1. When residues of the range 403-424 are filtered for being open to solvent by 20 Å² or more (accessible area, probe 1.4 Å) and either modelled with pLDDT under 75 or assigned to a loop (DSSP other than H, G, I, E, B) (or both), how many remain?
2. Tell me which residues, restricted to the range 171-188, are among the aliphatic types (A, V, I, L, M) and either modelled with pLDDT under 95 or touching a strand residue (DSSP E or B) at 6+ places or on another chain (Cβ under 6 Å) (or both).
3. Restricted to the range 178-200, and to residues that are of a type outside the set (A, V, I, L, M) and within 14 Å of the chain's Cα centre (by Cα), which residue is most open to solvent (accessible area, probe 1.4 Å)?
4. Out of the residues in the range 280-305 meeting the condition of being touching a residue at least 60 places away in the same chain (Cβ under 8 Å) and hydroxyl-bearing (S, T, Y), tell me which one is farthest from L81 (Cα to Cα).
5. Which one of these is within 16 Å of G393 (Cβ to Cβ) and in contact (Cβ under 8 Å) with a residue 12 or more places away in the chain: I313, I277?
6. Considering the range 345-365 alone, what residues qualify as being open to solvent by 40 Å² or more (accessible area, probe 1.4 Å) and in contact with a strand residue (DSSP E or B) (Cβ under 9 Å, 6 or more places away or on another chain)?
7. Report, ordered by the first and then the second residue, all pairs with beta carbons closer than 8 Å, sequence separation of six or more or different chains, a first member in the range 58-69 that is within 11 Å of L229 (Cα to Cα), and a second member that is hydrophobic (A, V, I, L, M, F, W, C) and in a loop (DSSP other than H, G, I, E, B).
8. Can you work out which of the residues in the range 336-353 that are in a loop (DSSP other than H, G, I, E, B) and over 28 Å from the mean Cα position of the chain (by Cα) is modelled with the lowest pLDDT?
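The values are calculated or read from the model by the stated rules, or taken from the named source; none is laboratory data. This structure is a prediction, so every number in the text was calculated from the model and none was measured. Backbone-built Cβ (ideal geometry, glycine too); neighbour counts: all protein chains shown. The area values use the complete protein model at the heavy-atom level, side chains included, leaving out ligands, DNA and RNA. Shrake-Rupley method; radii C 1.70, N 1.55, O 1.52, S 1.80 Å.
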Amino acid sequence: MSGHDHHPSSQQKNIVARPYPFSLLSDDPAASTDRVYHINYYCLFTRSLALPVTKDPATLQYLTTIYHGSSQEPIRVVLDLGCPSLWLYCSSGRLSSSRRLIPSCSIQCPAAKPSNVSCAFYAAIPTRRKFTTCGLSTVNSITRSATRGELVEDILAVQSVDGSKSGPGTTVDHFLFSCAPEFLLNRLAKGAQGMLGLGKSRIALPAQLASKFGLQRKFAACLSSSEGLVLFGHEPGYDSIFGAETSRSLMYTPLVTGPDDSGSSQDYSINVRSIKINGKRLSLGQKGIGGGTKISTTVPYTTLESSIYRTFIEAYKEAATNNYFMNMTVVAPVAPFGLCFSSKEIPSSTWLGPMVPSIDLVLQSEMVRWRVHGRNAMVPVTDEVMCLGFLDGGSNSRTSIVIGGFQLEDNLLEFNLGASMLGFSSSLTRQTSCSDYRAKMNSL
């Protein structure tokens with residue numbers, strides 16, 4: 001253990017843990033308790049912190065439950081990789097007695113990069129109210145609606161993980177987030193009361209957990225069509241949760257700044273240099289793939305800029321139908337998909353899914369590629385029809401490619417903010433899925 005671990009800062013001394021008679025990973029909001037006790041500070045360094053994740057079948061959004069406030073009220077929120085903070089509709093449910101509005105003239109306010117005027121402005125005008133709340137630009141990334149939210153602080157409970165099993169629920173005091181008006185909940189999954197941001201800001205969940213608990217500035221996401229998890233700051237690796245074979249087989253690529261972004265964007269982007277289908281590179285002309293490729297949990301399926309999409313669809317159809325080893329039958333497309341096939345007589349692997357043409361997103365070199373197998377490429381829409389899970393993103397899309405949630409499932413992703421690198425597995429090994437890891441933790 002390093003030297004700084006033996007001298008916790010005054011900011012970290014207020015960390016306490018709440019012992020729950022259930023695992024927070026069980027998604028059982030009814031089984032909470034108000035008992036609180038102090039735990040040994042050093043024990044926190046042997047644990048990860050985790051969020052349980054489920055997929056809403058109606059909206060295809062990924063949801064988690066947080067426990068916040070003096071009453072530890074369970075609140076469902078939509079997971080958003082590119083959101084800079086947690087925001088909630090704070091008027092729903094019970095009012096938390098521990099919630100506190102943050103004034104604009106405070107240490108916390110500039111840390112949140114808010115959309116408020118400076119303290120000097122109010123000091124120069126005596127007739128102005130000296131106390132104003134710290135305003136944050138708060139966005140629903142699904143509807144792209146934005147409004148002013150108010151920065152507040154409260155208690156947040158996060159599940160700890162000891163080895164490969166669930167630990168106690170651990171609280172974070174003075175957690176910063178935004179209170180937003182009710183209309184911002186439009187088109188969120190039923191029961192969701194806000195969005196939980198995993199972006200790169202100083203008040204996003206990864207940064208606040210790293211600061212409070214002395215964790216590495218990284219997190220891992222393992223999403224599933226049923227149950228998955230997000231794991232924060234595990235040291236020295238993810239071996240105890242995901243197994244050594246998976247965690248040590250990750251490939252890495254740099255996280256980059258998007259094409260229209262000055263560095264303030266919260267999105268996680270990578271550089272895709274080319275696309276191959278069954279090993280054959282797409283001919284995309286001089287334009288190629290411009291700008292970064294965004295990774296998103298709020299976009300259900302991967303989208304491609306229109307000119308790339310047209311070339312991609314034609315090349316995939318050619319590979320699927322005019323192949324000695326593969327002769328798939330094209331059927332009428334089912335919205336929102338543009339290319340569908342009969343699923344009859346298509347062999348399937350329990351690990352890789354339907355045996356269909358492979359898709360490679362080639363990254364910084366030919367040796368580093370994100371391979372999309374059948375289970376992340378084909379969406380079953382009926383018992384007899386499956387469709388290619390890639391959509392036309394339009395001709396005016398801000399990024400050429402957005403990798404959507406379906407392509408992220410059963411793929412271990414490590415977002416290392418300190419090193420600005422993304423680790424990815426393309427597919428999990430030994431016929432496992434992200435839901436297997438979640439089930440394993442719940443059973444221990």
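1. Of the residues in the range 403-424, 5 are open to solvent by 20 Å² or more (accessible area, probe 1.4 Å) and either modelled with pLDDT under 75 or assigned to a loop (DSSP other than H, G, I, E, B) (or both).
2. V172, L176, A180, L184, L188
3. Residues of the range 178-200 of a type outside the set (A, V, I, L, M): 178-179, 181-183, 186-187, 190-191, 193-194, 197, 199-200.
This time we only want the ones that are within 14 Å of the chain's Cα centre (by Cα), so: 197, 199-200.
Values: G197: 0, G199: 1, K200: 84 Å².
This residue is K200.
4. The extreme case among them is T303.
5. Values: I277 fails: within 16 Å of G393 (Cβ to Cβ).
That would be I313, the only listed residue that is within 16 Å of G393 (Cβ to Cβ) and in contact (Cβ under 8 Å) with a residue 12 or more places away in the chain.
6. Residues satisfying the conditions are P347, S348, M355, Q364.
7. Y62/L223; L63/A189
8. From the range 336-353, those in a loop (DSSP other than H, G, I, E, B) are 336-339, 343-347, 350-352; that's our starting set.
Filter again for over 28 Å from the mean Cα position of the chain (by Cα), leaving 343-347.
Working: S343: 93, K344: 89, E345: 80, I346: 86, P347: 84.
Ranking the qualifying residues of the range 336-353, first place goes to E345.
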